[in-house]
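We did not get these values from a lab; they are worked out from the coordinates using the rules stated. Here the structure is a predicted model, which means the values were calculated and not measured. Because the Cβ atoms are built from the backbone with ideal geometry, glycine has one as well, and the counts that use them run over all protein chains shown.
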Amino acid sequence: MSAAETVKFVLTEADLPTHWYNLAADLPTLPPPPIHPGTGEPVGPADLEPVFPMELILQEVSRERWIAIPGPVLDVYRLWRPTPLFRARRLERVLGTPARIYYKYEGVSPAGSHKPNTAVAQAYYNKQAGVKRLTTETGAGQWGSSLAMACAFFGMELKVYMVRASYLQKPYRRILMETWGAQCVPSPSPDTASGRRFYEQDPEHPGSLGIAISEAVEDAASRADTKYSLGSVLNHVLLHQTVIGLEALRQFELAGDYPDVIFGCVGGGSNFAGLTFPFVRDKLQGKDVRIVAVEPAACPSLTRGVYTYDFGDTARTTPLLKMHTLGHTFIPARIHAGGLRYHGMAPLVSHLYEHGLIEAIALPQTKVFEGAVLFARAEGIIPAPESAHAVRAAIDEARRCAETGEEKAILIGLSGHGHFDLAAYEAYLAGKLEDYEYPEEAVRQALAELPKVSG
Ligand SMILES: *Cc1c(COP(=O)(O)O)cnc(C)c1O
């Protein structure tokens, strides 16, 4: 065997991006603005001020192409960034494919995923604005733990409303949050009016991301020292994640290669956007690259949802966002990729899909885990169940290349590791993992409850 099996494209600290890339600067048309559910008018900065600091509100609506990353944020990034890009030679060999497979690995952050890229930035801007305390929601706990770490760096308090089903079944990320100093309560909780509505009917209510968002927003809006922080979907969150794709572009230069196709998993869309938006920029300038979002068949907001204005949460407290949605009352099946169980998709990602700049596919979880185990046995890294969606899609593509002889370069967004998801792997290995049909009827019902707005 001649070629080295371990091929890794490592950037130095000097190569760490100094700016985030804002795709809005290069889009021929912008996504429709968020609108106020009461007035039907676009929301202005003043509407968002009770929950977000002004600096993040300005980023939300910015059309500047490059936004400087503040020094203290860069300083935290340097703990684990730049992250490595690997060539998956061993996986290529196992698949007998002529394709060149690469993966950009975000699991090297202390929280084990891409989420700290925005958590650190958000904690920083809130701290700068004099905010003492943040609130947020979390599903399986990836976001809550990332924000807990970020708040620890900047000396801020954090209260996390964690979906009760996960709180009970997945204690380890809760312990991470507590270790980093955050308070974590199961949602629905008795602590907010939106939580009590459900809690008083059923103290064992399993909760949902939508309910937890309502609780966190209500808490922040009702206290002067507190603001709210969201881990995906919004423009400023996607912006902060672009360090991933900017680094990947430079790493492909080092490799003397360029991806023909990129696969990223999508929940709310942030890791996908972070990896792919710098490549979307190239595509807008004529580069030939396919960009594919991979979602779970049990929560297929892009491939089966409708593109319309909807609430971000169950209690209808957020502005209306134009997005691909399964309806804000839709509660997806309890698949193991907890981070992909959101009813809506980021407006920017939805907009790209609507304009044919990206593609989307949906995969059932047994196929996803089959791909994840194959990947783990070849490359060592155990992918997060979310990331495994991108892994499986890439494996399928590489197998097609093996049939046709095409020598494509394939890039996988490996958004995190699966060390806190071993129960899911155990279920898969024991043959106990179920697939869920696309819930046609449940979605039809949820769509009937969409808010009525024109546009
Ligand atoms: C949260 C999470 C996701 C899904 O969120 P996006 O905003 O769509 O990126 C994907 N992968 C991992 C590892 C996550 O923790």
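What's the FRET efficiency of residue 79 with residue 452 using the Cβ-Cβ distance as r and R₀ = 41 Å, to the nearest 0.05?
Between residue 79 and residue 452 the formula returns 0.30.
Provide 163, 51 in ascending order of the number of other Cβ atoms located within 10 Å of each residue's Cβ, fewest first.
Fewest to most other Cβ atoms nearby, the residues stand as 51, 163.
In degrees from 0 to 90, rounded to the nearest 10, what is the angle of the helix 270-284 Cα long axis to the longest principal axis of the chain?
The helix 270-284 is inclined about 60 degrees to the chain.
Filter the cross-link list 287/367; 283/452; 115/322; 104/132; 159/367 down to pairs whose alpha-carbon distance in this structure exceeds 25 Å.
Check vs 25 Å cut-off fails for 287/367; 283/452; 104/132; 159/367.
For the chain, what is the mean residue ellipticity at 222 nm derived from helices alone (per DSSP H run of n ≥ 4: -39500 (n - 2.57); sum divided by total residues; nearest 500 deg cm²/dmol)?
-11500 deg cm²/dmol
Within the range 148-185, whose backbone N sits under 12 Å from a point 7 Å along Cα→Cβ of residue 204?
none
All other residues with a Cβ under 15 Å from the Cβ of residue 45 taken together, and with Lys, Arg as +1 and Asp, Glu as -1, what is their net charge?
-3
Tell me whether the range 230-279 comes out rounded, prolate or oblate; compute the Cα gyration tensor, take square roots of the eigenvalues as a ≥ b ≥ c, and use a/c under 1.5 as the rounded threshold.
prolate
Using alpha carbons only, how many degrees (0 to 90, rounded to 10) separate the axis of helix 116-128 from the longest principal axis of the chain?
The answer is roughly 40 degrees.
Rounded to the nearest 0.05, what FRET efficiency do residue 41 and residue 442 give with R0 = 35 Å and r taken as the Cβ-Cβ distance? Could you check?
0.65
Does anyone have the angle between helix 387-404 and the longest principal axis of the chain? Alpha-carbon axes, 0 to 90°, nearest 10?
Compared with the principal axis, the helix lies near 30 degrees.
Which chymotrypsin sites (Phe, Trp or Tyr not before Pro) does the range 10-114 hold that lie in a coil by DSSP with at most 13 other beta carbons within 10 Å?
Sites meeting the loop and neighbour criteria: none at all.
When ranked by the protection proxy of mean other Cβ atoms within 10 Å per residue, highest first, what sequence do the peptides 311-322, 379-390 form?
With the highest mean Cβ count within 10 Å placed first, the list reads 379-390, 311-322.
Write out the GluC sites (Glu not before Pro) in the range 3-84 meeting two conditions: DSSP loop, and at most 14 other Cβ atoms within 10 Å of their Cβ.
5, 64
Roughly what % of DSSP beta bridges within the chain run antiparallel, to the nearest 5?
40
Under the definition of Cα pairs under 8 Å and six or more residues apart, what whole-number percent is the relative contact order of the chain?
19
Return the whole-Å distance between the Cα centroid of the range 149-191 and the Cα centroid of the range 304-344.
So the separation of the two Cα centres works out to 22 Å.
If we count other beta carbons within 10 Å of each Cβ, what is the order of 127, 8, fewest first?
So the ranking, lowest neighbour count to highest, is 8, 127.
So how far apart, in nm, are the two label points at residue 7 and residue 132 if each is 7 Å from Cα heading toward Cβ?
5.5
Starting from the Kirkwood Rh over alpha-carbon pairs, what translational D in µm² s⁻¹ does the chain have by Stokes-Einstein at 10 °C and 1.306 mPa s?
It diffuses with D of about 73 µm²/s by this estimate.
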